[in-house]
Amino acid sequence: MNVKFNIMTSLAMFGMVTGVVNIFGFFVDYQWILWLAFYVLGGMLLSKKVDSKLFFNSFICGFLFAAFYYGLEILSFPMYLENNPQAREMMTALPEGVTPRMFAGSMGLLISVMNGVIFGLVTVGMTNFFKKKELSAGK
């Protein structure tokens, strides 16, 4: 198997872990730490291990991370609402005709695309940072 594929799937599976944490309502106020860890550690790992099509591979990885996260949320929606009172309150404020699960799915898709773009940019930025650091260390 390709090393790039193994790294990407491992990072994307971290989205499942984060999704499970979300469903059970753990660290509701601190989930941003898990997302930040994904951006920083995942970006560093991909920037060092992936040589070609860096933005594309990072985009796919970031998209899958968020897609797994929101996919688990949608599949376990009643449990998610039960364990996340803030989300339950937000879902009661939806306009008539919009189901909470449909809203979560559409927002999950949008956020997955945005997460892919952001993770791609972070990874490309880290690659440029590490290359400049290596060049200055080699002088």
Given a Förster distance of 41 Å, the FRET efficiency implied by the Cβ-Cβ spacing of Thr99 and Met44, rounded to the nearest 0.05, works out to 0.55
One finds, for Ser106 and Phe130 with R0 = 35 angstrom and r their Cβ-Cβ distance, a FRET efficiency to the nearest 0.05 of 0.45
In nm², the average projected area of the convex hull spanned by the Cα atoms of segment 3-138 is 8.9 nm²
Log10 I(q)/I(0) at q = 0.20, 0.21 Å⁻¹ for segment 62-139, from Debye over equal alpha-carbon scatterers, is -0.88, -0.93
Percent relative contact order for the chain, counting Cα pairs under 8 Å at least six residues apart, stands at 36 percent
Number of Lys pairs in the chain closer than 15 Å at Cα, excluding neighbours under 8 places apart unless interchain, is 8
In nanometres, the difference between 0.36 nm per residue of separation and the alpha-carbon distance of Phe26 and Phe55 is 7.3 nm
Largest first and rounded to whole Å, the semi-axes √(5λ) derived from the alpha carbon gyration tensor of segment 40-102 read 34, 13, 9
In Å³ per residue, the alpha-carbon convex hull of segment 24-69 encloses 68 Å³
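Rule-based calculations on the coordinates, nothing more; no lab input. Note that the structure is a prediction, hence the values are computed from the model and not measured. A quick note on method: Cβ atoms are made from the backbone with ideal geometry, for glycine too, and the neighbour counts reach across all protein chains shown.
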